[in-house]
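Read the figures in this text as sums done on the coordinates, not as results from a lab. Every value quoted in this text rests on a predicted model; they were computed, and no experiment measured them. Here the Cβ positions follow ideal geometry from the backbone for every residue, glycine too, while neighbour counts run over all protein chains shown.
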Amino acid sequence: GLGTINIPVYVHVVLPNSNSVTNSQIQAQMNVLNDDFSSTNTNQLPSGATDFINDATNTGIQFTLAGTFRHDDPKSSWGTNDAVKAAYPPITPSTHLNIWVCEIGGGILGYAQFPGGNSATDGVVLLAGSLPGGSSAPYNMGRTATHEVGHYLNLRHIWGDGRCRQDDFVADTPSSDGANYGCPTYPTVNCQTADMTMNYMDYTNDACMYMFTDGQRNRMRALFASGGARASMLN
Ligand code: ARG
Ligand code: ZN
Ligand code: CA
């Protein structure tokens, strides 16, 4: 097998005062990514969620900060059209995950590009307030990064962005017919079975997100196999 996959990360902080996001916040964000992707975070399943008790998995994917680049830029609303990436291009995206930390606007917490896209826009954009200790409670524990890196590694929302029959291409995430928010009690039933509201690829609060599944792990790891869309990252 591939063993533990280690992804080096470049962080581009693009803010009017780029030092307002501290190095310790960036390191805390890396720690959240590593804990979430190895299933060692301290979040818990909602009480009674026995269906999912054995489903949280270690993805075997880890992240190492390879560099932080700070740009003082007065722009206060970068939108979701990759403008921040055009202004501050990704660095060696074939081998590094690039993360831009900026103000997005429109209440957007983050956005990501799926694998196989244009390398000039490859990576993840995060709202500055979504980093651990940021201002975007209840989304300020670093799980926007976990969710967006999930997309970057080919995961869809667990509801497949459609109704019950719309697939997320992962067999062990139960079907769901839309996003869940807040911190749902268990069970939250929309398509006859309990929704996996605590999955990182739902829209629940950071404090209430808990897991990736084996199926999600396998879908992500397949990208790194020979011929996969992110195999170049291992070289
Ligand atoms: N809305 C964003 C997306 O679809 C991110 C959602 C992040 N959720 C969170 N609890 N941090 O990509
Ligand atoms: Zn998403
Ligand atoms: Ca599924």
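Things worth noting here:
- Residue in the stretch 45-73 that is farthest from residue 173 (Cα to Cα), counting only those that are touching a strand residue (DSSP E or B) at 6+ places or on another chain (Cβ under 9 Å) and assigned to a loop (DSSP other than H, G, I, E, B): 73
- Residues satisfying the stated conditions in the stretch 188-212, i.e. more than 16 Å from ligand 2 (Cβ to nearest atom), in a loop (DSSP other than H, G, I, E, B) and surrounded by 15 or more Cβ atoms within 10 Å (Cβ to Cβ): 188, 190, 191, 210
- Residues in the stretch 1-42 that are surrounded by fewer than 17 Cβ atoms within 10 Å (Cβ to Cβ) and in a loop (DSSP other than H, G, I, E, B): 1, 2, 3, 4, 16, 17, 22, 38, 39, 40, 42.
- Residue check, residue 94 among the hydroxyl-bearing types (Ser, Thr, Tyr), assigned to a loop (DSSP other than H, G, I, E, B) and farther than 30 Å from residue 235 by Cα: no
- Test result for residue 6, of a type in the set (S, T, N, Q), in contact with a Phe, Trp or Tyr (Cβ under 8 Å, 6 or more places away or on another chain) and more than 30 Å from residue 182 (Cα to Cα): yes
- In the set (1) farther than 30 Å from residue 72 by Cα; (2) touching a helix residue (DSSP H, G or I) at 6+ places or on another chain (Cβ under 6 Å); (3) not hydrophobic (A, V, I, L, M, F, W, C), the condition left unmet by residue 136 is number (1).
- Residue within the stretch 127-137 that is under 23 Å from residue 230 (Cβ atoms) and within 18 Å of the chain's Cα centre (by Cα) present: no
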